[in-house]
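The structure under discussion appears below in the form of structure tokens.
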Amino acid sequence: MFSDIKEIKSSGVKEGYLSLSADGVILSFGYGLEFILGYCSEEIIGRHWSILSPTGLEEEHGRLLEDAKA
């Protein structure tokens, strides 16, 4: 397991990962997610996570984020 984003980037991991701020802003967005979701990191970093949430699941994903903060 990685302890921070610098370790992930330096490891050469090509998996899909992202990290969020406490208020749900995307801080990092791995190459694997670029491939899977079709967004490049430059266009998604700094935006709210809800841009990735499928229609109809926003509330459930919001609860997951709140649970993670608790």
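Checking each residue in the stretch 60-70 for being at pLDDT below 80 and touching a Ser or Thr at 6+ places or on another chain (Cβ under 9 Å) picks out H61, G62. So how many residues does the stretch 48-70 have that are part of a helix (DSSP H, G or I) and not hydrophobic (A, V, I, L, M, F, W, C)? Number satisfying all stated conditions: 10. Close Cβ contacts (under 6 Å, 6 or more residues apart or on different chains) running from residues in the stretch 41-70 that are within 15 Å of S21 (Cβ to Cβ) to residues that are of a type in the set (D, E) and outside any loop (DSSP other than H, G, I, E, B) comprise S50/E58. In a residue-by-residue description of the stretch 40-47, the property of being modelled with pLDDT of 80 or more, among the aliphatic types (A, V, I, L, M) and not in a helix (DSSP H, G or I) applies to at least one position.
Give the stretch 19-38 a look and list any residue that's surrounded by fewer than 13 Cβ atoms within 10 Å (Cβ to Cβ) and of a type in the set (D, E), or say none. D23 - this is the single residue of the stretch 19-38 that is surrounded by fewer than 13 Cβ atoms within 10 Å (Cβ to Cβ) and of a type in the set (D, E). Among residues of the stretch 48-59 being open to solvent by less than 80 Å² (accessible area, probe 1.4 Å) and of a type in the set (S, T, Y), the one that is modelled with the lowest pLDDT is S53.
The values are calculated or read from the model by the stated rules, or taken from the named source; none is laboratory data. As the structure is a computational prediction, the values presented were derived from the model and not from experiment. Counting neighbours? That spans all protein chains shown, and the Cβs are built from the backbone with ideal geometry, glycine included. Accessible surface is based on the protein model in full, side chains and every heavy atom, while ligands, DNA and RNA are left aside. Shrake-Rupley method; radii C 1.70, N 1.55, O 1.52, S 1.80 Å.
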